[in-house]
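Below is one structure; the comments refer to it alone.
Values quoted throughout were computed directly from the atomic coordinates according to the rules given, and no laboratory measurement underlies them. Everything quoted here is computed from the prediction, not taken from an experiment. In this analysis, Cβ positions are derived from the backbone assuming ideal geometry, glycine residues included, and neighbour counts consider all displayed protein chains.
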Amino acid sequence: MDVIDVVVIGAGQAGLSSAYFLRRSGLGFVVLDHNEGPGGAWRHRWPSLTLGRAHRVHDLPGMPLGEPDTTRPSAEVVAEYFGAYEREFGLDVRRPVHVHRVAEGGGGRLRVESDAGTWEARGLINATGTWDRPFWPYYPGRETFRGRQLHTAGYRSKEEFAGEHVVVVGGGASAVQLLLEIAEVATTTWVTRREPVFREGPFDESAGRASVALVEDRVRRGLPPASVVSVTGLALTPEVRAGIEAGILRRLPMFDRVTPYGVAWADGREIAADAILWATGFRPALDHLAPLGLRAPGGGIRVEGTRVVDDPRVHLVGYGPSASTIGANRAGRAAVRELRALLAPVRSAPAPARGVSALA
């Protein structure tokens, strides 16, 4: 078992940003990542999502992305960028490492258990994101459907739906992107729980601050973070406008049940389908933190900035208001600043006899 100042779980944008500032802080740390290689959740994006069609990838601190080819798959570009970043700053990223649980350890430390060993840490930065927890809402009859059901996490290309009728469920940006793409080779039906709100004009700094404030208020009260679209709306790009005019983005209210051959509403309307694509989002991947008992009655974790209110040793980055590429950078800096202040009083103690780089 290794004893170290800080363990970072996850090596996406938020995890690498945290590691960068930890490197400069003097704290001993290690980054544990369950992926086979660099890139975080980006490495799992579908091949047709080119960099030019993806949400902007914000520069990591200290090393800009530059001017990459926007026609290349975002999964490839970001994986290469993150890998180069890890090498440039000598970040200690161990992979693939699957963290099973985080619990109380000895001497007021946290015990981080994984399939690659156990660490005891004074502080924890959790940057596990959401990609590993796709959300599948249940509707009556879903298990009876004889066609294909998949989540956006499993989507690869429009060609697999050629000539079919596809029901796309969800009101987020991914649902809109995939509807427009699949409609090139198939017929589609779009269903959402709420009427989509399309936002015209630029998403300026003032609008961004207002959106972040709404999410911050939720996590401060211990509620699950809201989806990005619920506070920002859907961007009305020329491509989206064309989709609306072509009838591709004509939304129907949520169906009441799934049948063996499609979906049905309470008023008797039915639509036959060959496939149902659940573009229903993701939930924070936090199950490994369950032994710490951090959940609030509202179902979320109470967070101030990045710090867990009920346990200041734990910081959540890429969670709630920092679940964006630019927000992740700021969160990494803030988390390290607070952990350094928390751990500073004990760093003047004599070093342990064991030959480890961090203090015991």
- Candidates Leu32, Leu16, Leu289; GNM for the chain (alpha-carbon contacts under 10 Å) flags as most fluctuating Leu289
- Message: Along the Cα→Cβ direction, 7 angstrom out, place labels at Arg87 and Asp59. What is the inter-label distance in nm?
- Response: 2.1
- Query: Can you list the residues, at least 5 places off or on another chain, whose amide H is less than 5 Å from the amide H of Leu234, using H built in the peptide plane?
  - Reply: Val197, Phe198, Arg199
- Task: Would you calculate, for the chain, the mean residue ellipticity at 222 nm contributed by helices, counting each DSSP H stretch of 4 or more residues as -39,500 (n - 2.57) and dividing by all residues, to the nearest 500?
- Result: -8000 deg cm²/dmol
- Compute the length gained on full extension between Leu252 and Glu67: take 0.36 nm times their separation in residues and subtract their Cα-Cα distance, giving the result in nm to one decimal. 62.6 nm
- Task: Could you size up the charge dipole of segment 35-133 around its Cα centre, putting +1 on the beta carbon of Lys and Arg and -1 on that of Asp and Glu, and report it in debye to the nearest 20?
- Result: 280
- Message: Report the gain in length on full extension from Ser48 to Thr187: 0.36 nm times residue separation, minus Cα-Cα distance, nm rounded to one decimal.
- Response: 48.2 nm
- Counting alpha carbon pairs within less than 8 Å and at least 6 residues apart, what relative contact order, in whole percent, applies to the chain? 24
- Averaging sequence separations of C-alpha pairs under 8 Å and six or more residues apart, then dividing by the length of segment 88-129, give the relative contact order as a whole percent. 28
- With the dipole of segment 1-150 worked out from charges on the C-beta (+1 for Lys and Arg, -1 for Asp and Glu) around the Cα centre, which of Leu150, Pro68, Val8 lies farthest toward the positive end? Leu150
- Query: Computed on alpha carbon atoms, what radius of gyration and Dmax characterise segment 258-346, expressed in Å?
  - Reply: 20.6, 68
- Item | Label-point separation, Ala266 to Leu342 (7 Å along Cα→Cβ), nm | 4.7
- Message: I want the antiparallel fraction of DSSP beta bridges within the chain, as a percent rounded to 5.
- Response: 40
- Task: Would you work out which of Tyr20, Phe255, Trp136 lies farthest towards the positive end of the dipole of the chain? Charges go on Cβ: Lys and Arg +1, Asp and Glu -1.
- Result: Tyr20
- What ³J(HN,Hα) values, in whole Hz, does the Karplus curve 6.51 cos²θ - 1.76 cosθ + 1.60 give for segment 27-32 when θ = phi - 60°, with x put for Gly and Pro? 7, x, 8, 9, 10, 10
- Message: Suppose every Lys and Arg Cβ carries +1 and every Asp and Glu Cβ carries -1, with no other charges. What dipole size does the chain come out with about its Cα centre, to the nearest 20 debye?
- Response: 920
- Calculate the dipole size of segment 256-318 relative to its Cα centre from +1 charges on Lys and Arg beta carbons and -1 charges on Asp and Glu beta carbons; express the result in debye to the nearest 20. 280
- Item | Long-range tail of P(r) for segment 22-116 (Cα pairs > 17 Å, %) | 60
- Tell me, in nm to one decimal, what length is gained between Arg156 and Glu104 on full extension, where the rule is 0.36 nm per residue of separation less the Cα-Cα distance? 14.7 nm
- Query: When the Cα atoms of the chain are enclosed in a convex hull and the volume is divided per residue, what value in Å³ results?
  - Reply: 148
- Task: May I ask you to sort Ile248, Ile271, Ile125 by Cβ crowding, counting other Cβ atoms within 10 Å and putting the fewest first?
- Result: Ile271, Ile248, Ile125
- Note on the structure: FRET efficiency (Ala116, Arg148; Cβ distance; R0 41 Å; to 0.05) is 0.70
- Message: As I understand it, the dipole of segment 284-338 uses +1 on the Cβ of Lys and Arg and -1 on the Cβ of Asp and Glu, about the Cα centre. Which of Pro312, Pro297, Asn329 lies farthest toward its positive end?
- Response: Asn329
- Rank these for me by crowding, Ser18, Ser174, Ser48, going from fewest to most other beta carbons within 10 Å. Ser48, Ser174, Ser18
- Note on the structure: One finds, for Arg194 and Arg220 with R0 = 22 angstrom and r their Cβ-Cβ distance, a FRET efficiency to the nearest 0.05 of 0.35
